[in-house]
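Notes follow the structure.
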Amino acid sequence: MLAEISNRCNAVEECYEFMLAYAAQGFRSDRDSKSGGEVRDFLHRAVTALTGLAETCALAAKQEGLESAEKYLAFFAVLDRDARDSLAAIELVLAQPAISSQLIDNLNASIHLRALLTDLFLVDEILKKQDQPAAQVATSEQE
């Protein structure tokens, strides 16, 4: 389950990185280039990754028997709000007949997407610690 969450986080992060490059290219439409065709694919992958992400995280926290489960669940409520807000923005962009670089640049600048990315960076970092044996975590924290 932790690997699935990590994969979802990676899909959203990859989408964001692709969008940064797409925004810099000055396309008027997603029909102008190969990158234009890919932008919708990346956005759809992000939608799939975000759908039900908070619920998956909450289930994983319970299955893993993590200490301070209530702290995780409180954060996953924040993640859920940020994911839903970001989904609304991404789906609005996907509903457009043409996706320009400027539109993607505006999506990248969205406070909702930025909050979500920060949430995902936090979750991903915590998951990396959960996957490591305790001795290895202590060693990496000392560095």
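A short reminder: the numbers here are calculations on the coordinates, not readings from a lab. Predicted model, so just to flag it, every value in this text is computed and none were measured. In this analysis, Cβ positions are derived from the backbone assuming ideal geometry, glycine residues included, and neighbour counts consider all displayed protein chains.
For segment 48-56, the count of residues that are in a helix (DSSP H, G or I), surrounded by 15 or more Cβ atoms within 10 Å (Cβ to Cβ), of a type in the set (S, T, N, Q) and over 11 Å from the mean Cα position of the chain (by Cα) is at least one. When Glu64 is tested against the conditions (1) of a type outside the set (A, V, I, L, M); (2) within 30 Å of Lys129 (Cα to Cα); (3) touching a Gly at 6+ places or on another chain (Cβ under 9 Å), the lone failure is (3). For first residues located in segment 14-37 and free of Cβ contacts under 8 Å to residues at least 12 places away in the same chain, partners that are assigned to a loop (DSSP other than H, G, I, E, B) and lie 6+ apart or on another chain with Cβ distances below 7 Å form the pairs Ser33/Phe27; Gly37/Asp30. The set of residues from segment 9-26 being surrounded by 20 or more Cβ atoms within 10 Å (Cβ to Cβ) and more than 19 Å from Ala54 (Cα to Cα) comprises Met19, Tyr22, Ala23.
Kindly check whether there is at least one residue in segment 63-80 that is touching a residue at least 24 places away in the same chain (Cβ under 8 Å), among the small types (Gly, Ala, Ser) and surrounded by 13 or more Cβ atoms within 10 Å (Cβ to Cβ). No, every residue in segment 63-80 fails to be touching a residue at least 24 places away in the same chain (Cβ under 8 Å), among the small types (Gly, Ala, Ser) and surrounded by 13 or more Cβ atoms within 10 Å (Cβ to Cβ). Leu66 satisfies every condition listed in (1) in a loop (DSSP other than H, G, I, E, B); (2) within 17 Å of Arg8 (Cα to Cα) except (2). Considered as a group, the residues in segment 81-109 that are outside any helix (DSSP H, G or I) and in contact (Cβ under 8 Å) with a residue 12 or more places away in the chain include one that is farthest from the chain's Cα centre (by Cα), and that residue is Ala98.
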